[in-house]
1. Filter the stretch A:23-54 down to residues that are among the β-branched types (Val, Ile, Thr) and under 14 Å from B:GLN37 (Cα atoms), then give me how many there are.
2. Tell me which residues, restricted to the stretch B:55-73, are away from chain A (no Cβ under 14 Å) and among the hydroxyl-bearing types (Ser, Thr, Tyr).
3. Within the set of pairs 6 or more residues apart or between chains, which connect a residue that is under 12 Å from B:GLY105 (Cα atoms) inside the stretch A:35-59 to a residue that is among the aliphatic types (A, V, I, L, M) with Cβ atoms less than 6 Å apart?
4. Can you tell me how many residues within the stretch B:88-107 are modelled with pLDDT under 90 and in a loop (DSSP other than H, G, I, E, B)?
5. Test A:ASN67 against the criterion of being exposed (fewer than 14 other Cβ atoms within 10 Å of the Cβ) and modelled with pLDDT of 95 or more, and give yes or no.
6. Restricting attention to the stretch B:38-87, which residues are crowded, with 17+ Cβ neighbours inside 10 Å and in a helix (DSSP H, G or I)?
7. Can you name the residue in the stretch B:38-49 that is at the interface with chain A (Cβ under 9 Å from one of its Cβ atoms) and over 11 Å from the mean Cα position of the chain (by Cα) and is also nearest to A:GLY108 (Cα to Cα) among such residues?
8. Hey, any hits in the stretch B:2-12 for a residue that's touching a residue at least 40 places away in the same chain (Cβ under 8 Å) and surrounded by 18 or more Cβ atoms within 10 Å (Cβ to Cβ)?
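The values are calculated or read from the model by the stated rules, or taken from the named source; none is laboratory data. Note that the structure is predicted; figures quoted are calculated from it, not measured. Because the Cβ atoms are built from the backbone with ideal geometry, glycine has one as well, and the counts that use them run over all protein chains shown.
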Amino acid sequence: GESVGLHLPTLSVQEGDNSIINCAYSNSASDYFIWYKQESGKGPQFIIDIRSNMDKRQGQRVTVLLNKTVKHLSLQIAATQPGDSAVYFCAENIGDGGSQGNLIFGKGTKLSVKP
Amino acid sequence: IAGITQAPTSQILAAGRRMTLRCTQDMRHNAMYWYRQDLGLGLRLIHYSNTAGTTGKGEVPDGYSVSRANTDDFPLTLASAVPSQTSVYFCDSSVVYPGDTQYFGPGTRLTVL
């Protein structure tokens, strides 16, 4: 079956550097993608989303890029801070008539920020 | 209540026992979902409800049931718990079609012995 996956399971960066977390998806029918951040012992927290009619979307210190040609999604975090240390999940919506709104999550990438 | 809450926070349960995990949201979101999170497997959808009165099966529905009697509550029931249901369970709510903020609850850590 089709699934969402991640290129890198772990990422270690220096405080102040930029981070890039990658995600590959295989369902060409997916039209909505989300990045979540999950800190230890907590539920996933919404970071940013993007629809398939867009290539790029920016938030506060975060940017999501979508390349539909190669089915690739990335999350860029500018000036990474210790508080950014967490597991990051990408998710795709493969909503159809009977399951609108359901998300398929990737396995996650752990981001560690070194002070 | 602000956002989405889950109860209990954690539970140890004997195999064969019945257990209901509670989820309540006060955001008047139409859609609610239950996920389980297991190491190495990520978040997997158990059941969902796009609106009060309707439910649907997700990726791993076996052994679980849900009900959606009203907009705010979406309980998840394990009729006869088994050790493979040991996991962290997250409830989530959103407007029917994701495009706005989605909120996850804090999770329930369930251990079945």
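1. If we filter the stretch A:23-54 for residues that are among the β-branched types (Val, Ile, Thr), which is where we start, we get A:34, A:47-48, A:50.
Now drop any that are not under 14 Å from B:GLN37 (Cα atoms), which leaves none.
Of the residues in that region, 0 qualify.
2. B:TYR64, B:SER65, B:SER67, B:THR71
3. The qualifying pairs are A:GLN38/A:ALA86; A:GLN38/A:VAL87.
4. Residues that pass the stated criteria total 8.
5. yes
6. B:GLN85
7. First, the residues of the stretch B:38-49 that are at the interface with chain A (Cβ under 9 Å from one of its Cβ atoms): B:40-45, B:48.
Cutting the leftovers down to over 11 Å from the mean Cα position of the chain (by Cα) gives us B:40-43.
Details: B:GLY40: 9, B:LEU41: 9, B:GLY42: 7, B:LEU43: 9 Å.
Among residues in the stretch B:38-49 that are at the interface with chain A (Cβ under 9 Å from one of its Cβ atoms) and over 11 Å from the mean Cα position of the chain (by Cα), the one nearest to A:GLY108 (Cα to Cα) is B:GLY42.
8. Yes, the conditions are met somewhere in the stretch B:2-12.
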